[in-house]
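Structure, as structure tokens:
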Amino acid sequence: MRLTVIGCGDAFGSGGRFNTCFMVEGTRHTILVDCGASTPVAMKMRGISLNSIDGIVLSHLHGDHFGALPFFMLESQFHLRRDKPFIVVGPPGTCERVTAAMEVFFPRSSQNKWRFPFTIGEITPGVPDEVLGFAVRTAEVVHQSGAPSTAVRLTEGGKTLAYSGDTEWTDALIPVADGADLFVVECYDYSRSMPGHTSFATLQEKRPLLRAGRIMITHMNPTMLERQDEARAAGLLVAEDGMVVEV
């Protein structure tokens, strides 16, 4: 399994980083985990075709994590003339919110007759599922998004990638990270306790509970971006746009 960081920025593009999006290449399929509003631009900068993506797994329903979907779908339909199947899955509420986003940005677009087989599905937190050959398990975390926000755990080809999504500290992250080859975790602020977000100080305190092979921090605001060297010195990987990691 290979992870490419398409975007690891926060909602406001701090540090000039693109919104959250991780490309995960398995043995048979390539998926995106989250698809923030800037994702198509970031992919094109790196020469990655939208047609190379077989599906998208969403952690939660904020624009910096799923806002590119209307643009992704319409480019696939009208410009790239996609013909292979495409699936989007996310937490409960995904079907309604994706449809609403399509209608807000491009009225009547949700009623398109898609030229490719298109499916939207929802994953119940705590219930094992399967998406394009990836075993998927999600857990509800603490982040207000108008629907359940989730951490995501993907297993394929004997490797496990775990991702916190956006959340303040919750013990729900412990089993998500447990035994994962790589755990990608939000580290929004350096030291402040903020509702719905995790700080570096909190991660350092809780780190003994996170039994993953490697831990990568992401979704950093300016206070954390200024202290990346401290995180690296502590043995953490620090996400950067364009970074490639073998899981």
* Could you please tell me which pairs satisfy a Cβ distance under 9 Å, a separation of 6+ or placement on different chains, a first residue in region 85-107 that is at positive phi, and a second residue that is open to solvent by 40 Å² or more (accessible area, probe 1.4 Å) and at pLDDT 95 or above? => G93/E122; G93/G146
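Name the single residue that is surrounded by the fewest Cβ atoms within 10 Å (Cβ to Cβ) among those in region 133-185 being of a type in the set (S, T, Y) and assigned to a strand (DSSP E or B).
Only one residue fits best here, namely T155.
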* **Scan of region 1-31 for residues that are closer than 14 Å to V184 by Cα and of a type in the set (K, R), ordered by number** => R2
* **Positions within region 99-158 being of a type in the set (S, T, Y) and under 18 Å from H62 (Cβ atoms), in sequence order** => T99, T138, S145, S149, T150
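When region 18-38 is examined, which residues are found to be in a loop (DSSP other than H, G, I, E, B) and either of a type in the set (G, A, S) or out of contact with any strand residue (DSSP E or B) (no Cβ under 6 Å at 6 or more places or on another chain) (or both)?
Filtering region 18-38 for residues in a loop (DSSP other than H, G, I, E, B) gives 18-20, 26-29, 34-38.
Selection gives G26, T27, R28, H29, G36, A37, S38.
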* Working carefully through the options R192, R232, find the one that is open to solvent by 10 Å² or more (accessible area, probe 1.4 Å) and touching a residue at least 12 places away in the same chain (Cβ under 8 Å). => R192
* **Single residue of region 19-53 satisfying the filter (open to solvent by 30 Å² or more (accessible area, probe 1.4 Å) and either without any contact (Cβ under 8 Å) to a residue 12 or more places away in the chain or hydroxyl-bearing (S, T, Y) (or both)) that is farthest from L74 (Cα to Cα)** => T27
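Would you mind stating whether S199 is modelled with pLDDT under 95, closer than 20 Å to S149 by Cβ and among the hydroxyl-bearing types (S, T, Y)?
Details: modelled with pLDDT under 95: no; closer than 20 Å to S149 by Cβ: yes; among the hydroxyl-bearing types (S, T, Y): yes.
No.
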* Asked: Here are some residues: G9, G15. Which one is open to solvent by less than 20 Å² (accessible area, probe 1.4 Å), touching a residue at least 40 places away in the same chain (Cβ under 8 Å) and more than 27 Å from G157 (Cβ to Cβ)?
  -> G9
* Qualifying residue in region 55-75 (condition: β-branched (V, I, T) and open to solvent by 10 Å² or more (accessible area, probe 1.4 Å)) -> no
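The values are calculated or read from the model by the stated rules, or taken from the named source; none is laboratory data. Predicted, not measured: the structure shown is a model, and the values here were computed from it. Every residue, glycine among them, receives a Cβ derived from its backbone with ideal geometry; neighbour counts consider all protein chains shown. The area values use the complete protein model at the heavy-atom level, side chains included, leaving out ligands, DNA and RNA. Shrake-Rupley method; radii C 1.70, N 1.55, O 1.52, S 1.80 Å.
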